[in-house]
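Here the structure comes first, spelled out in structure tokens, and everything after it is commentary.
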Amino acid sequence: MKNSAFAYQSGNSILHKCPSWIKILFIPLINILIFSLPFYFALAFSFLQFVLACVAKISFKAQLSDLKPVIFYAFMLLWMQLILGLTQSGVENLFIHFTWQNQKENVFMLVKLFCIMQTASLLFRTTTALKIRDGIAVIENHTRKILHVKKGYAFTNTISLFLNFIPLVSQIWQQSVKAWRARGGKKSIKMYCVLLPVLFSVGMKKAYNSARALYIRQS
């Protein structure tokens, strides 16, 4: 299931060898810079991340699967803008609504969201679930020492479960779709109506089992 969204891919690149706690700390920092600095920074950094993904041997198909939420959001935004343009300007003046001056802020926002999603993709694609947990544990351990708080990993367990649930949901969905197609089902509204409850049920079960397993290991 390496082509499912945010699935780990083994490799020996610099990103794979980089300590996970550095990557975890880097993400919030770069996200702040992406939204604070001009649009051109996000555009340049997006290209840099594409190059890094290629160096890490992450296929274009895998990169695209991670960026689908932003692509879907862009289409939804375009559809809403189209309806708004028809309502306000009518069919004859529709293209007046889609000028660069009117739409540039939306384009800038989409590029920044695209860039942020790439950052998350690189983290999950080059870091195993165990390394993500270990990285968060290192950060929490040092934070507790600075604040002189009793040693513990409550925050690590909660955040690591949440982060690792993201690729798990994608994997469950991919497996459900493959099972649906193997039984002769076609991609339609019926498929989503049938599989979405399955996704919710299986996802909740796996989340519960993961939380129980973590609790047992700590007991």
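The values are calculated or read from the model by the stated rules, or taken from the named source; none is laboratory data. Since this is a predicted model, take the numbers as computed values, not measurements. Cβ: placed from backbone, ideal geometry, glycine included. Neighbour counts: every protein chain shown. The area values use the complete protein model at the heavy-atom level, side chains included, leaving out ligands, DNA and RNA. Shrake-Rupley method; radii C 1.70, N 1.55, O 1.52, S 1.80 Å.
Quick check on Y40: is it more than 21 Å from A129 (Cβ to Cβ) and either among the hydroxyl-bearing types (S, T, Y) or touching a Pro at 6+ places or on another chain (Cβ under 6 Å) (or both)? Even if it seems obvious, please write down each step before you answer.
Details: more than 21 Å from A129 (Cβ to Cβ): yes; either among the hydroxyl-bearing types (S, T, Y) or touching a Pro at 6+ places or on another chain (Cβ under 6 Å) (or both): yes.
The answer is yes for Y40.
Take the residues in the stretch 150-174 that are β-branched (V, I, T) and touching a helix residue (DSSP H, G or I) at 6+ places or on another chain (Cβ under 8 Å), then tell me which one is nearest to G135 (Cα to Cα).
Here is the first cut: in the stretch 150-174, the ones β-branched (V, I, T) are 156, 158-159, 166, 169, 172.
With touching a helix residue (DSSP H, G or I) at 6+ places or on another chain (Cβ under 8 Å) added as a condition, the list becomes 156, 159, 166, 169, 172.
Details: T156: 9, I159: 11, I166: 17, V169: 22, I172: 25 Å.
Checked the stretch 150-174; the qualifying residue nearest to G135 (Cα to Cα) is T156.
Okay, residues lined up against (1) under 21 Å from A5 (Cα atoms); (2) touching a Leu at 6+ places or on another chain (Cβ under 9 Å); (3) surrounded by fewer than 16 Cβ atoms within 10 Å (Cβ to Cβ); (4) polar (S, T, N, Q):
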| position | (1), (2), (3), (4) |
| --- | --- |
| S20 | yes, yes, no, yes |
| P28 | yes, no, yes, no |
| I32 | no, no, yes, no |
| L43 | no, no, yes, no |
| K57 | yes, no, yes, no |
| F60 | yes, no, yes, no |
Answer yes if at least one residue in the stretch 159-172 is open to solvent by less than 90 Å² (accessible area, probe 1.4 Å), without any contact (Cβ under 8 Å) to a residue 12 or more places away in the chain and of a type in the set (G, A, S), and no otherwise.
-> no
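Please pick out the residue among K68, K2, K57 that is among the basic types (K, R), closer than 21 Å to I166 by Cβ, within 21 Å of the chain's Cα centre (by Cα) and at pLDDT 80 or above.
On the way: K2 fails: at pLDDT 80 or above; K57 fails: closer than 21 Å to I166 by Cβ.
Just one listed residue meets the conditions, K68.
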On the given criteria, is I132 at pLDDT below 90 and either open to solvent by less than 40 Å² (accessible area, probe 1.4 Å) or of a type in the set (S, T, Y) (or both)?
-> yes
